[in-house]
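Asks: Got a structure for you, written out below as structure tokens; questions coming shortly.
The values are calculated or read from the model by the stated rules, or taken from the named source; none is laboratory data. Because the structure is predicted, anything quoted here is derived from the model rather than measured. All Cβ positions, even for glycine, are placed from backbone atoms using ideal geometry, and neighbour counts span all protein chains on display. The protein model used for the area step is the full one, side chains on, heavy atoms only, and it has no ligands, DNA or RNA in it. Shrake-Rupley method; radii C 1.70, N 1.55, O 1.52, S 1.80 Å.
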Amino acid sequence: MLLHVEKLHVALPGGAPVLEDTDLDLAEGEIVAILGPSGAGKTTVLRALFAPEELRRKGYGVRYAARTLEAEPAFVPQRGALFDHLDVRGNIELAQAGGRLARDVAPWLTAVELDQALAGRHVAALAGGQAQRVAVARTLAAGRRLLVLDEPSVGLDPAGVRSLARLLLKQAEEQRCGMLVITHDVALAAGACHKLLFLDPVTRKLAPLLPGWKGPAERASPEARQAALALVEHELERRLVAARRAGPTGRHAREPGQLFAALRTAGAAVLDAFRPHLFRESLTVLRLALWQGLLKPLAFYCTVALLLGITVPYVVVHLSAGLKPAMLLRLTGGSYILSLAPPISAIVFAATSGSAINAWIGGQVLRGQVVALEGIGVSPARYLLSPSWLGLVMAYLVSAAAFVASMTIGGFVLFRRYGVPDPLTTLTSDFLDPAPERWPYLVRALWLFGCYALAIASIVVSRGSSHKDRAEHVTNAMTSSVMRATLFIVAMELASIAVLFALTEQAAP
């Protein structure tokens, strides 16, 4: 028995019960469908079955008399949740890396009746049915024998649904794996499943939809299949109407946010991200983070910095009276670069690179790709969050160095225009060869650069990986990241200036 649970009870954080004293078994080679009205708590029940401690940490009540799990579950979210930064081969090889299996995609494509030529195709170019088959192949390639599929037939036409039903049956028999299928699709449930269970929000029970159900309709004759589908559809409609008449169930609950949960996970797993069995895959995410966070916007950062390098001293010169421009600029030197580069580079980076990485991670959460990672035995922290966090830290530090260099170039152009002797030395002495009294300013700037790198990466990863149900949540997380990063930068600037003033006053004679 792959799964056995007795007297399972699940309650929302507020105490409202979702499920009471329910038993459930899943054997090898068996497919079980869980049906029910939207919002009844089907997904919550699955999480209670396979991740009870996670729910308890979020305030849910989960208890049972006995629970046996003979295999690690693999979750297959809606539409397969294929990783869109990889091709078909990369998706399957990632699963094999997570399961520590030999990397050979051919047998798994054959198992789900896909052409080998699809191995190099980008997943965005796949049809809906092909994407679902690749998702199943990826899960099987991870060596998982317990599959949990969430609405796997979404987007498929009737022929595609029947093909998927036959595929699930074939894999359940050949691989001796068990499957739990969350679905509203009568054709899939009746066609592929050995048991049909209904989650009733009124009785709070998970009970057989049809006690006399004889098994997968795809194994029956055409006439018997049609009759079985009609019977299941009629009974399901009757149950749904009865649940609707009973009124709202109050099953919805908002899980408490954990702002820095992802930060803690990512920070603890930075070194763990590059274990040998995931080294190549982690480098793929790191390269993507560096491309999105550094290489694509680098020209923009340099342009902004170049403009600042010219305009700031230009404004200083034209607002000052009584001093010659060359003399004033020599007195100013590169101090304005040390003062402005940390906060402006950090704010621009958070709004540009931070938003890009935030949207990328948030999109993976929204589309179920993070859940899919767990389903194939790959830690999201190790594969996705840690390399993204590290990539953002590296990207900001390099961007900040480019920002300083570009401001210096801009200042050089203006200093030379006003005839400042040896303009490059005048501009760079504060951070390349500072006088003893100027060291606190350099230390402050370096300290701020390091703090901003860590803070921006942490805020972006934590907000990007937070729970998301709708597309607007991705946008909200992006906005929240920029606001939080900006507030942190302002607070650090004020605090560091206060410390700097205190130090200079103590050093004054």
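Asks: Dipole magnitude of region 437-509 about its Cα centre, charges +1 at Lys/Arg Cβ and -1 at Asp/Glu Cβ only, in debye to the nearest 20?
Replies: On the way: 6 positive and 5 negative charges, 47 e Å.
Value, rounded to 20: 220 debye.
Asks: OK, next. Counting only complete DSSP H runs, which helices of the chain cover 24 Å or more along their long axis at the Cα atoms and score a mean Kyte-Doolittle of 0.5 or above?
Replies: 298-319, 386-417, 439-464, 471-507
Asks: How far apart, in nanometres, would the label points at residue 311 and residue 323 be if each is projected 7 angstrom from Cα along the Cα-to-Cβ direction?
Replies: That separation, rounded to one decimal, is 2.2 nm.
Asks: Size of the dipole of region 359-509 about the Cα centre, Lys and Arg at +1 and Asp and Glu at -1 on the beta carbon, nothing else charged, in debye to 20? The partial results should precede the final answer.
Replies: Values: 10 positive and 9 negative charges, 94 e Å.
That gives region 359-509 a dipole magnitude of about 460 debye.
Asks: While we're looking at this one, here's another question. May I ask you to give the percent of accessible area on region 270-417 that is carbon plus sulfur, with a probe radius of 1.4 Å? Could the numbers behind the result be given before it?
Replies: Values: 4370 of 6090 Å².
Result for region 270-417: 72 percent of the exposed heavy-atom area is carbon or sulfur.
Asks: Could you work out the relative contact order of the chain, using alpha carbon pairs under 8 angstrom and six or more residues apart, expressed as a whole percent? Walk me through the numbers on the way to the answer.
Replies: On the way: 859 pairs, mean separation 86.8, N = 509.
Result for the chain is 17 percent.
Asks: A further question follows. Can you classify region 81-184 as rounded, prolate or oblate using the Cα gyration tensor, where a ≥ b ≥ c are the square roots of its eigenvalues, rounded means a/c under 1.5, and otherwise it's prolate if a/b beats b/c and oblate if not?
Replies: Oblate, since a/c reaches 1.5 and b/c is not below a/b.
Asks: In Å², what does the accessible area per residue of region 299-448 work out to with a 1.4 Å probe?
Replies: On the way: 6350 Å² over 150 residues.
Value returned for region 299-448: 42 Å² of accessible area per residue.
Asks: Taking the inverse of the average 1/r across all pairs of different Cα atoms in region 1-132, what Kirkwood radius in Å do you get? Please report the intermediate quantities before stating the final value.
Replies: Numbers: mean 1/r = 0.0576 Å⁻¹.
Over region 1-132, the inverse of the mean reciprocal pair distance is 17.4 Å.
Asks: Looking at the square roots a ≥ b ≥ c of the eigenvalues of the Cα gyration tensor of region 438-492, which shape do they give, rounded for a/c under 1.5, prolate if a/b is larger than b/c, or oblate?
Replies: prolate
Asks: With contacts defined as alpha carbon pairs under 8 Å and 6 or more residues apart, what's the relative contact order of region 380-478 in percent? Show your work: numbers first, answer last.
Replies: Values: 40 pairs, mean separation 38.0, N = 99.
Dividing the mean separation by the residue count of region 380-478 yields 38 percent.
Asks: How long are the semi-axes of the ellipsoid equivalent to region 376-485, from square roots of 5 times the Cα gyration tensor eigenvalues, in whole Å, largest first? Could you put the intermediate results ahead of the total?
Replies: On the way: eigenvalues 310, 49, 30 Å².
In descending order, the three semi-axes are 39, 16, 12 Å.
Asks: For region 299-394, take N as its residue count and report Rg(C-alpha) divided by 2.2 N^0.38 Å. It would help to have the intermediate numbers written out before the result.
Replies: On the way: Rg = 21.6 Å, N = 96, 2.2 N^0.38 = 12.5 Å.
The value comes to 1.73.
Asks: In region 1-126, what percent of the accessible surface is made up of carbon and sulfur (1.4 Å probe, ligands and nucleic acids excluded)?
Replies: Here carbon and sulfur together make up 46 percent of the probe-accessible area.
Asks: Then there is this: Quick check: the distance between the Cα centres of region 183-238 and region 49-65, to the nearest angstrom?
Replies: Centre-to-centre (Cα) distance: 28 Å.
Asks: Could you order the peptides 390-402, 104-116 from most to least packed, using the average number of other C-beta atoms within 10 Å per residue?
Replies: Working: 390-402: 21.4, 104-116: 15.7.
With the highest mean Cβ count within 10 Å placed first, the list reads 390-402, 104-116.
Asks: Any idea how far the Cα center of region 332-384 sits from the one of region 431-461, in Å?
Replies: 19
Asks: Leaving ligands, DNA and RNA out of it, work out the accessible area of residue 173 with a 1.4 Å probe and give it in Å² to the nearest 10.
Replies: Here the accessible area works out near 90 Å².
Asks: Here's another thing I want to ask about it. How much accessible surface area, in Å² rounded to 10, belongs to the heavy atoms of residue 194 with a 1.4 Å probe?
Replies: Near enough 60 Å² of accessible area.
Asks: Given points 7 Å out from each Cα along the Cα-Cβ axis, report the residue 283 to residue 237 separation in nanometres with one decimal.
Replies: 5.8
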